[in-house]
Amino acid sequence: ALTLLIKLLMLPLDLKQRASSRKMSLISAEVQSIQKRYANNPEQMNRKVSELYKERGVSPMAGCWPMLISMVFLFAFYGALRVVATEQTISIYLKAIQDGAESIQLPSWLWIRNLFQADSGMASALPKAQEFLTFVQQNASYVTPQSFSLMADAGLLSFANGTMAIGPSYDTVRAAILTANGCMQNGVEIYNNGWFVLPIIAGVSLFLQQKFTSKLSGQPIDKQPGGKMMLYFFPIFSAWICFTANAIFSIYWVMSNLFAIAITVIITIYYKRKDQKKEVTAENFRS
């Protein structure tokens with residue numbers, strides 16, 4: 001619901017970017033003609049292209065600003081969810097110490113055992129000792145001094161000799177929580193946190209999104225310079241982010257891609273019908 005709300009708020013910028021891309025594609029043949037005609041006179045060529053843009057009301061940068069704003073928002077959201085995951089993961093351990101591991105119910109969702117961990121068949125529902133230490137060190141700026149003090153008192157962390165290390169009770173508390181949530185039996189973990197579903201969907205959906213969006217603009221991405229690399233690199237990179245990030249962000253990212261595909265399909269149908277009406281009107285006029 002939050003993802004859809006955010007995407008709806010960003011929709012005007014998205015539509016503006018798509019409209020700009022379409023305008024650019026409609027005059028691409030004229031731009032190429034000017035580039036060929038004035039290939040030996042770059043200054044004249046740039047002036048003619050600028051005049052064409054002005055005449056048709058096209059701004060090359062109009063499609064860039066919405067994308068940049070969206071990227072800034074994406075990274076801000078990623079950072080915010082990272083803070084939430086840090087606070088909640090520490091809270092799970094501290095609550096288990098205070099109220100007992102049986103009181104802990106990990107925030108699961110469908111096949112995912114813990115939303116604050118990655119949807120990965122290689123990840124545990126709770127981080128192992130070294131993973132937790134690295135996790136806390138990387139996100140130390142999000143941890144309050146009080147939380148550090150409570151973790152030290154509970155034996156989750158040790159600060160002997162001024163160096164942060166895993167405390168003596170960490171593995172015991174972790175095992176108790178996993179056992180209480182059915183992820184561990186007799187000291188053996190029987191369930192990982194996920195099955196790579198979200199990373200796979202993220203990669204495939206971004207691949208389809210790029211294909212559909214570039215087709216709508218009239219400039220297939222695989223026909224553009226460096227397009228083939230972008231077509232495959234960004235989906236792989238997207239899958240890697242979801243493979244390493246917490247599942248909450250992965251859900252947001254996947255839903256964003258699916259929403260973008262749906263909007264692209266709707267806009268494609270809209271422009272197709274609009275073009276058909278223009279063709280019918282033109283034929284009636286000629287008749």
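The values are calculated or read from the model by the stated rules, or taken from the named source; none is laboratory data. Just so you know, these numbers come straight off a predicted model, no measurement behind them. Cβ placement follows ideal geometry from the backbone for every residue including glycine, while neighbour counts extend to all protein chains displayed. Heavy atoms of the whole protein, side chains included, go into the accessibility calculation; ligands, DNA and RNA do not. Shrake-Rupley method; radii C 1.70, N 1.55, O 1.52, S 1.80 Å.
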What nm value, rounded to one decimal, do you get for the distance between Val204 and Lys278 when each label is placed 7 Å out toward the C-beta?
-> 3.5 nm
All Cα pairs of segment 1-131, percent lying beyond 24 Å | 58 percent
Contour minus Cα-Cα distance for Thr244 and Glu102 (0.36 nm per residue) = 48.3 nm
What figure in square angstrom, to the nearest 10, would you give for the accessible area of Val173 with a 1.4 Å probe?
-> 20 Å²
Relative to the longest principal Cα axis of the chain, at what angle does helix 247-286 sit, 0 to 90 degrees, rounded to 10?
-> 10 degrees
For the chain, built as a Gaussian network whose Cα springs stay under 10 Å, the top-fluctuating residue of Ile241, Ile92, Ile266 | Ile266
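Averaged over every viewing direction, what's the projected area of the C-alpha convex hull for the chain? Give it in nm², one decimal, please. Intermediate results must be reported in sequence, preceding the final value.
Details: hull surface 85.8 nm².
For the chain, the mean projected area of the Cα convex hull comes to 21.4 nm².
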With all protein chains present, calculate the accessible area of Trp253 using a 1.4 Å probe and round the result to the nearest 10 Å².
-> 50 Å²
Note down the Stokes-Einstein diffusion coefficient of segment 57-166 in µm²/s, whole number, using a Kirkwood radius over alpha carbon pairs, 20 °C, and 1.002 mPa s.
-> 131 µm²/s
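For Cα pairs less than 8 Å apart in space and 6+ apart in sequence, what is the mean separation divided by the residue count of the chain, i.e. the relative contact order in percent?
On the way: 305 pairs, mean separation 58.9, N = 287.
Taking the mean separation of contacting Cα pairs over the length of the chain, I get 21 percent.
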Have a look at Phe207, Phe159, Phe234 and tell me which one the Gaussian network model of the chain (Cα, springs below 10 Å) gives the largest fluctuation.
-> Phe159
Computed [θ] at 222 nm, deg cm²/dmol, the chain (DSSP H ≥ 4; -39,500 (n - 2.57); rounded to nearest 500) | -23500 deg cm²/dmol
Any chance you could check the Cα centroid distance between segment 67-101 and segment 165-205 for me, in angstrom?
-> 17 Å
Exceeding the 25 Å Cα-Cα cut-off - candidates Lys54/Lys278; Lys36/Lys272; Lys228/Lys278; Lys23/Lys48 | Lys36/Lys272; Lys228/Lys278
